[in-house]
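Chemist: Right, I'll just put the structure down here and ask away after.
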Amino acid sequence: MDNDYDEEGGLLLLSLRWAWGAAALLLAFYLGLVRRVTGALGTAFQLREPAGRRQGAGKRPPPPPPPTDAWSPRLSGFSLRLSVHLANTAFGQLFLVPLLMRINNFTILRYLDIGEDPTFMPVVAAEEKCDHSKSSNVSDILHKLIDKRQVVTDVKKGDMGMAESSTARYRGKEPLSLLDGIPVCLKEEIKVAPYYHRSGTAYLGTKPETEDATVTRKLREAGAIIIGVSNMHELGIGTTGCNPNRYHGTARNPYNPQHFTGGSSSGSAAAVASGLCPLALGTDGGGSVRIPASFCGIVGLKGTFGRISAYGSHPLSYSTVSLGRMEKSRDYERDEEFLEMSMMWREIAVPDNLTL
């Protein structure tokens, strides 16, 4: 009898050990290869003290030579998704990513000493100019760009006020959104106070607007700096951007002033392509965002009908036109570029009861 009990106890103890071992292996597999440990939003950016002011800043060892033959396998589909997932697990962070960094000599970045911090403020101190430009300040440059008919209205004093307010919010570490401090222009088809709402023609918008369109209000609430309204093909009935009336003229293609920008959102595309602003809004019924974006080498996306509120826009073709955005072209293989491209959409693509 005692021997039977001893055998049963031994089997039970062995079974418990196997169960605990299997559980430990499953837990290690989950923590090491399944559970993500990176990729969380809200990463804080820390400004550094300039290199010349750092206390006890000694000389660093010289950086290693650049890689001559980097290991860069071509991945796509499931293998790419699996690699990205593994890189964000504990195993990836402790072993896989450091190994790849050593193989490709990416550790050279740790030895770089960049003297200047990235600029997070929309208003910065003036720097000494090394060129011989005749423009004495930013306003002169803006006026010259306006002369090329990209933006059809004068720069308002309130623009600098918005920039200064945004700077104060950044200094207080309380930005309103990712769009806070970003210059944006809107097609003249969209209401923007205190500008004229002419839609590219001479007989509409005889007085400055006193109220904003819904999308304009959303941009202001997000802290964007609206620098003006952009030129367009008259009443949006053309795809060249040619507008001969006395208030507008024809927007110039930044890559060749003798070429068209495409239309009808001609000024928005030209403003983004020339660097006047990184983001712009247009309207699109039959290509009025996509055509000028392709002519000017930027990205244009026509939104789904009703995705962005059209309240406050002229109903030039209500059944086909929807608002769309324009941005500089990016490398979409990088997640941070997706973030930059989508931040404007997230702020303005909100349903509006006023359009129902």
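Chemist: Could you tell me which of the residues Gly263, Gly249, Gly236, Gly267 is touching a Leu at 6+ places or on another chain (Cβ under 6 Å) and touching a residue at least 24 places away in the same chain (Cβ under 8 Å)?
Modeler: Gly236
Chemist: So in segment 236-252, with the set limited to residues that are of a type in the set (Gly, Ala, Ser) and part of a loop (DSSP other than H, G, I, E, B), which one is surrounded by the fewest Cβ atoms within 10 Å (Cβ to Cβ)?
Modeler: Gly249
Chemist: Another question about this same structure. Could you tell me which residue of segment 289-329 is surrounded by the fewest Cβ atoms within 10 Å (Cβ to Cβ), considering only residues that are of a type in the set (D, E, K, R) and more than 15 Å from Cys185 (Cα to Cα)?
Modeler: Ranking the candidates gives Arg307 first.
Chemist: Only residues that are among the basic types (Lys, Arg) and either not in a loop (DSSP other than H, G, I, E, B) or not assigned by TED's automatic domain parsing to the domain that holds Glu188 (or both): list them for segment 274-333, please.
Modeler: Within segment 274-333, Arg290, Lys302, Arg325, Lys328 qualify.
Chemist: Could you tell me which of the residues Ala193, Ala213, Ala202 is touching a Gly at 6+ places or on another chain (Cβ under 6 Å) and of a type in the set (A, V, I, L, M, F, W, C)?
Modeler: Criteria check complete, one pass: Ala213.
Chemist: Going by the conditions given, is Met232 in contact with a strand residue (DSSP E or B) (Cβ under 7 Å, 6 or more places away or on another chain), buried (at least 24 other Cβ atoms within 10 Å of the Cβ), assigned by TED's automatic domain parsing to the domain that holds Val192 and outside any strand (DSSP E or B)?
Modeler: Answer is yes for this residue.
Chemist: From the residues in segment 272-285 that are more than 16 Å from the chain's Cα centre (by Cα) and of a type outside the set (D, E, K, R), which one is nearest to Gly228 (Cα to Cα)?
Modeler: Looking at residues that are more than 16 Å from the chain's Cα centre (by Cα) and of a type outside the set (D, E, K, R), I get Gly282.
The values are calculated or read from the model by the stated rules, or taken from the named source; none is laboratory data. Fair warning: this is a prediction, and the values are worked out from it, not measured in the lab. Heads up, the Cβs are rebuilt from the backbone with ideal geometry, glycines too, and the neighbour counts pull from every protein chain shown.
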